[in-house]
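Readers should treat all values here as calculations from the given coordinates under stated rules, not as data from a laboratory. Quick caveat, the model's predicted, so the values are computed rather than measured. Glycine also receives a Cβ, built like all others from the backbone with ideal geometry; neighbour counts cover every protein chain displayed.
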Amino acid sequence: MAFFIIEEKCVGCTLCAKECPMAIIEGENKEPFRIFAVDECIDCSLCAWVCPAEAIQNGYGEIVPKLKKEQRPVAWIDEEGCTGCEVCMESCPVDAIFKADPLDPSDSSPTKVCRVDFDTCINCSLCAKLCPWETISMALTREEADELAKMQGTFAAETAVSAS
């Protein structure tokens, strides 16, 4: 279901258009913007999360509140269930998913698992929707995902620590 911009509330700030990974939002500065290709909307919520006027509603007619980056959910892959099939990698519009060695050192399988780069993830949930093994969740905030990754010793946490 596509998101919609309520023109009466839109202040024309351009943030939604700048954040849209599909580049399907248009308008003039200080004029109401619109989603011109609703069938291409991937329901990622980015436009709504950056909207200072809370002028964007989801497909259910609910106004989606503005969220700071650290409050937004990120994709989390349960590596025990990941088969490395790469469906999530192929579906990610920003290439935020990469292959990595499994966390379990006793795992002698040559198969690599998929892992999320939290800095690149835009929280669109396409990977979670399309994962055939249902091993991807969007239940964690960035802070929670960073903490869990640190505890597990995954690459994403190492990057987050070095970036701090």
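A few remarks follow.
- P(r) histogram, all alpha-carbon pairs of the stretch 4-57 included - 10 Å bins from 0, percent: 29, 63, 8
- By the beta carbon rule, with partners counted only under 4.7 Å, the chain holds these lone Cys residues: 10, 13, 20, 41, 51, 82, 85, 92, 114, 121, 131.
- Angle between the chain longest axis and helix 142-152 axis [Cα atoms, degrees, rounded to 10]: 0
- Every helix of 4 or more DSSP H residues in the chain counts as -39500 (n - 2.57), and over all residues that averages to -6000 deg cm²/dmol at 222 nm.
- Only lysine pairs 8 or more places apart, or on different chains, with alpha-carbon atoms under 26 angstrom apart are counted in the chain, and they number 25.
- Amide H contacts of residue 75: 123, each under 5 Å away and 5 or more positions distant or on a separate chain (H built 1.01 Å from N in the peptide plane; Pro and chain starts excluded).
- Computed 3J(HN,Hα) for the stretch 103-112, one whole-Hz value per residue from the Karplus formula 6.51 cos²θ - 1.76 cosθ + 1.60 where θ = phi - 60°, is 5, 6, x, 7, 6, 8, 5, x, 6, 8, glycine and proline marked x.
- Packing rank of 65-74, 103-112, where each peptide gets the mean count of other beta carbons within 10 Å, highest leading: 65-74, 103-112
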